[in-house]
Structures are given as C-alpha cells and as structure tokens.
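Accompanying notes for the structure given below.
Any read-out appearing in this document is the output of simple, stated calculations on the displayed coordinates, not a laboratory observation. As the structure is a prediction and not an experimental result, all values here were calculated from the model. FYI the Cβ positions are ideal-geometry reconstructions off the backbone, even for glycines, and counts take in every protein chain you see.
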Amino acid sequence: MQPRPLRPDEAERLQALRKSGLMETGSDIRLDALVHKAALLFNMPIAAISLIDETRHVIKSSVGVGITILPRELSFCAHTIMGTDPMVVPDAKADERFADNALVTGDPGLRFYVGAPVYGPENKPYGALCVMDTRADMDAATPEKLAELTALAAEVSAAFAAVPQIALKREREW
C-alpha cells in the first residue's frame, strides 16, 4: 500500500476541519438524502460522505456501510481530496494505490470506487462523497454521472457550510 497522501495545505485544511465542528456531529437528513441519491445515480450498493482528519476516515452518512470510522491509511477518500475532480477507480485490484488495501483484499472486497471532494466554507476539502461496489466496473463512471456526482458533492459542501451558521444561531438563542 502506498503511503497516505498529504496535501501541501494539509495543516490549514485540518485546522479548518477541526474549527467546523463537523467531526463531532452526527449525520442529518440532508446528508442521508444526498448519499441515497449518489447510490441510486451509480446503481451501487455502497455510498458514503466522509471526513478525513490526521489519522481517521469518519463516515458522516452512508448506505451499505456498517462502520463509522476507519484508519486514514485505508481511505480511498484520502486520495480523492488530493485533487478537485472526481477520482475514479474502476478496479481497485488493478490499481497500485489500492491493490493491497485491506478493504480490497479482505472484507468487504471493494473493487469499484468513485469519489468527489466535499469542501468547507473556506474552500478546503474536508472529505468526499463516494460510491463503491464489490465488483469492478469499467463503464459506470460516465462523464454525465461524474458531473451529477460533482453537483451532489457541492450540495454536501453547502450543507457543511450551513452547520457552523446553525450552531452559531443556536448559541445566540441561548
């Protein structure tokens, strides 16, 4: 497995993520709806919205996933936040970044992944909206579907931007 990637602005990204408070909050109905839309869009059994900190991949909302935290070293999404475009892995067993990843070689046996970065209000990538499958699929990530996934990821980013404002409003109401 390749070493976990780090962004050149990783310190600033992590500071923004910590300041957002999103790592300590649960899912909400908006995030759940967006995850379901992503799974339906690609007709995939697994979809998730994740946040990536120094050591963890935290799942905020998901379909077909039974865990909420995994080590960053295993995270496909940690690679997704390195760029601005969706990352497509048609067959993880054939991709040198993931071929020996425990999520590929063991349970659940992931093969297909596509993820789009999600951002906080300061335009730092907090994590990704992704869909996955246990079978490879060379044709699932069409340009149209990638554009729709990017639009859904923008909706996740908008929901993330609203969280601090909602928390601030509640604080003022006290």
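What to note about this one:
- Sorting the Cα pairs of the chain by distance into bins of 5 Å, from 0 upward, gives 1, 9, 19, 23, 20, 15, 8, 3, 1, 1, 0 percent per bin.
- Using the Cβ-Cβ distance between L6 and E148 with R0 set to 30 Å, the FRET efficiency works out to roughly 0.55.
- Taking Cα centre as origin and charging only the Cβ of basic (Lys, Arg, +1) and acidic (Asp, Glu, -1) residues, the dipole magnitude of the chain rounds to 400 debye.
- For the pair segment 79-150 / segment 27-67, the C-alpha centres are spaced 12 Å from each other.
- 3J(HN,Hα) along segment 75-85, derived from phi through the Karplus expression 6.51 cos²θ - 1.76 cosθ + 1.60 where θ = phi - 60°, amounts to 6, 5, 5, 5, 7, 4, 6, 6, x, 10, 9 Hz, with x in place of Gly and Pro.
- Relative to the longest principal axis of the Cα atoms of the chain, the long axis of helix 143-173 makes an angle of roughly 30 degrees.
- For the chain: relative contact order, % (alpha-carbon pairs under 8 angstrom, 6 or more apart): 24
- Extension gain (nm, one decimal) between A136 and D85, 0.36 nm per residue minus Cα-Cα: 16.3 nm
- Helix 29-42 and the longest principal axis of the Cα set of the chain meet at an angle near 20°.
- Each stretch of four or more DSSP H residues adds -39500 (n - 2.57); spread over every residue of the chain, this sum gives -11500 deg cm²/dmol at 222 nm.
- Residue-wise HN-Hα couplings along segment 6-15, as the Karplus relation 6.51 cos²θ - 1.76 cosθ + 1.60 with θ = phi - 60° gives them from phi, are 10, 6, x, 9, 4, 4, 5, 4, 5, 4 Hz; Gly and Pro carry x.
- Estimated FRET transfer efficiency when R0 is 25 angstrom, pair E122-A99 (beta carbons, to 0.05): 0.10
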